[in-house]
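Colleague: I am attaching a structure below and will ask some questions about it afterwards.
The values are calculated or read from the model by the stated rules, or taken from the named source; none is laboratory data. Please read these numbers as outputs of a predicted model, since none were measured by experiment. Reconstructed Cβ throughout: ideal geometry from the backbone, glycine too, with neighbour counts over all protein chains shown.
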């Protein structure tokens, strides 16, 4: 039902434009049938101005209907953007708190994936496909987690970079 009302503005606008052009044509035809100017003026004033005002109102209705449609599309895109930003903020807050003053290359290499009792490299096959939190190597050590025996995230390799 709401969609029918939403399209009504554009349809009414087109109807007003059509009726306005018809009235302008009738006024022109009526004025053309009279030989003297004082007899033509009433046709042009009544039919011409009424037709012109209906055309202007019709164009206004179409512009308003298109503006509403554009606004609803923009609102939908802004909702999607807000959702994406919220997800990004949650992912960033779930990850490491910061780089602790290190360069970006060192911060990426310091990232480990936390399991229940051990920590893994992000590309470890044991952590692959699981939704595990990421943290820094130092934070994993501070929590008392042991390094994975399969991927062996070697802290010496990270510190030597």
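Colleague: Suppose we keep only residues that are in contact with a strand residue (DSSP E or B) (Cβ under 8 Å, 6 or more places away or on another chain) and part of a loop (DSSP other than H, G, I, E, B) within the stretch 106-129. Which one would you say is surrounded by the fewest Cβ atoms within 10 Å (Cβ to Cβ)?
Modeller: Result: 117.
Colleague: Next up: Would it be correct to say that residue 135 is closer than 12 Å to residue 153 by Cβ, modelled with pLDDT under 85 and outside any loop (DSSP other than H, G, I, E, B)? Talk me through it step by step, then tell me what you get.
Modeller: Numbers: closer than 12 Å to residue 153 by Cβ: yes; modelled with pLDDT under 85: yes; outside any loop (DSSP other than H, G, I, E, B): yes.
When the stated conditions are applied, residue 135 passes them.
Colleague: Residues in the stretch 1-41 that are assigned to a loop (DSSP other than H, G, I, E, B) and either under 28 Å from residue 70 (Cα atoms) or modelled with pLDDT of 90 or more (or both): how many? Explain how you work it out, then say what you get.
Modeller: If we filter the stretch 1-41 for residues that are assigned to a loop (DSSP other than H, G, I, E, B), which is where we start, we get 1, 33-36.
With either under 28 Å from residue 70 (Cα atoms) or modelled with pLDDT of 90 or more (or both) added as a condition, the list becomes 1.
Qualifying residue count, the stretch 1-41: 1.
Colleague: Can we say residue 140 is at pLDDT 80 or above and not assigned by TED's automatic domain parsing to the domain that holds residue 12?
Modeller: Details: at pLDDT 80 or above: yes; not assigned by TED's automatic domain parsing to the domain that holds residue 12: yes.
The answer is yes for residue 140.
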